[in-house]
1. Residue pairs, Cβ under 6 Å, 6 or more apart or interchain, first in region B:125-140 and more than 7 Å from every other protein chain (Cβ to nearest Cβ), second part of a loop (DSSP other than H, G, I, E, B). List them.
2. Considering only region A:21-120, give the helices (runs of 4 or more DSSP H) lying wholly within it that have at least 3 residues that are at pLDDT 95 or above.
3. Can you tell me which of A:Ile18, A:Ile31, A:Ile106 is over 27 Å from A:Leu203 (Cα atoms) and of a type in the set (Val, Ile, Thr)?
4. What about A:Glu149, is it within 20 Å of A:Lys93 (Cβ to Cβ) and at pLDDT 95 or above?
5. Restricted to region A:232-265, and to residues that are of a type outside the set (Asp, Glu) and part of a strand (DSSP E or B), which residue is most open to solvent (accessible area, probe 1.4 Å)?
6. Test B:Asp268 against the stated conditions and say whether it is in contact (Cβ under 8 Å) with a residue 24 or more places away in the chain and more than 22 Å from B:Arg185 (Cβ to Cβ).
7. Do we have any residue at all in region A:44-67 that's more than 13 Å from chain B (Cβ to nearest Cβ) and surrounded by 21 or more Cβ atoms within 10 Å (Cβ to Cβ)?
8. Could you check A:Asn289 against (1) under 21 Å from A:Met130 (Cα atoms); (2) loosely packed, with under 15 Cβ neighbours inside 10 Å and say which number it fails?
Amino acid sequence: MDAQPLPKLMRDAVIDTICDAARKDKDILFISADLGAAALDGLRADLPDQFIHAGISEQNMVDLASGLALSGKKVFLYAMAPFITARCYEQVKCVIASMNLPVTMIAVGVGLGYDHATLTHFTPEDIACMRALNGIEVLTPGDAEAAKEIAKVAIADPDFRYIRLDRQGQAPLYDGGFKAVYDQGFGHIVEGQQVAIVACGALVQKALRAQETLTKKGVDAGVIDLFRVKPINGEGLSKVLGGYDTVLTVEEQLLEGGMGSAVAEALIDHNVLKSMKRLGMRDGFEVVNGDRDTLHDLYGIDTPHIINAVLELAGKA
Amino acid sequence: MASPKNGKIKLNVNDLQAKAHWLRQELFEMVMRQKKGHIPSCYSCTEIMVALYYGGVAKVTEGQPDDPERDRIIVSKGHAAMVQYPILADLGFYPKSELERFTEPGGLLGMYADFRIPGIEGISGSLGHGIGMGAGFAMAARQDGQDYRTFVILGDGECYEGSIWESAMFAAHRKLDNLIAIVDRNQLCILGRTEDLLELGDMEEKWRSFGWEAISIDGHSFDDLMPAFDRVGKTDGKPLAIIANTVKGKGISFMEGRSEWHNRMPSDEQIAQARTELGLGA
């Protein structure tokens, strides 16, 4: 079998898009807290006035962004996921959210992306903490195409957004079709009837692998890529999920307040009461050396766990 | 009020002193009407604010809070941002009647500065944000080829926040000499004296070591304040830190230098005494 080309990194897709726009709009500013990317080199070299190194100083990065945004600048902040979220959460709350400033926060390595770095670099709580912020939009693309289109929206319509990117490249999901589902806030990647598997980011791929196996086992599962966790399209999502017998969510987050919680909230708010199960990380999760797949296995969120959970929901366990 | 010349209001020292007296009176009336507010924190930076707005330092235009060429003034020690309220009304940014509705439902003016108030550049209340925000304004001015300066009033207790120093380092590296920090060095925070609680030490040297031009002055003396502000723009590419040594509660004898008055309200007898000391009627 021929080796598959490595998928384009989400961060490169996003930065290339911002860089192209920045060449035509000097009000676009890109601020990094010492995180790089191949695509960033061009921006740094060509537009030094529009690239700002904030220092490994996330608090400064966010406070600085507020002053720039209040002065009419379109500000993009860029850092590793753990440090652009919890590390400077108070700054984001006080000087960005409170004034609803058009600042785009780009996080790289969400969830367990920095697998070998372990605890300090994991973000098992970033969806919960960021979606709790007043007025924020939380976007979590599943492939480079989605990441690029989301970046285009952030450029054309600056707003307070948190864009969470996987560190590792993800196989293409949309084949040119992401734009058509952007407004919907989720992609119904595979349609089914019995169990809807709702995932986001890297775990959409695991859900797809599970779905293939489940088909062979005679279970008609569907896969939904929930790329906009806030504001969640509760009406659209509950309509789609209402067509399934049961719902499974799977995420690289602690269950409290994560993506699965957002789905459950949406279903409750729209009076769609289904049998539902959430897979995710749990308090006291063990930390080991290992890659992301090893961690998924350890935390019970890998493909086999998804398969088992779906079989259980479908009454075939 | 003196009418502005070249977008600046410039009073002489006697008139500045009278203005400071007026500001303390206005603040006292405003706070005591509602029994809400932080008088001592405002009184330590009263002369600083009067010098900025009325001493020909900051570019402000009466009735035009959104003048794009205005200097940006941020009271980062947000609990004292109310020190601006009487001034901003005096500048015609909103009706003076708003001072009487301070903290009331439907009123414009709250306990902490809100960026929707004309003349308030950004939200404050949580400490440690003003220098970074100010650096953002200063960078934007630089990029847009604008001459406006950004003045940030910091509490000395606020300088415990690490974010202050992250942004101080950044501003110096970026040579933001259009950014000015005024540290209201009143030596007090809520629980006592800074040097007893957690020593701040030589603030002038600290700012200098971060790449700023730094000077120490008497923050209640216009004879000190005006020459300090004359240094703005003459710092050879360095941001300027003015360490203003002040007295918390300056102007009300029983509050001066006493940390317990941070947000305590005086008794009726104490109010009467304060009114006498401030030259207010009974």
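The values are calculated or read from the model by the stated rules, or taken from the named source; none is laboratory data. Predicted model only: the values in this text are computed from it and were never measured. Virtual Cβ from ideal backbone geometry, glycine too; neighbours counted across all protein chains shown. Accessible surface areas use protein heavy atoms only, side chains included; no ligands, DNA or RNA. Shrake-Rupley method; radii C 1.70, N 1.55, O 1.52, S 1.80 Å.
1. B:Gly125/B:Tyr112; B:Leu127/B:Glu161; B:Gly128/B:Glu161; B:Gly130/B:Ser76; B:Ala138/B:Leu176; B:Ala138/B:Asn178
2. Ranges flagged: A:58-70, A:81-84.
3. Testing whether each residue is over 27 Å from A:Leu203 (Cα atoms) and of a type in the set (Val, Ile, Thr) leaves just A:Ile31.
4. Values: within 20 Å of A:Lys93 (Cβ to Cβ): no; at pLDDT 95 or above: yes.
No; evaluated as a whole, the condition is false for this residue.
5. That would be A:Leu254.
6. Working: in contact (Cβ under 8 Å) with a residue 24 or more places away in the chain: no; more than 22 Å from B:Arg185 (Cβ to Cβ): yes.
For B:Asp268, the condition - in contact (Cβ under 8 Å) with a residue 24 or more places away in the chain and more than 22 Å from B:Arg185 (Cβ to Cβ) - is not met.
7. no
8. Of the numbered conditions (1) under 21 Å from A:Met130 (Cα atoms); (2) loosely packed, with under 15 Cβ neighbours inside 10 Å, the odd one out for A:Asn289 is (1).
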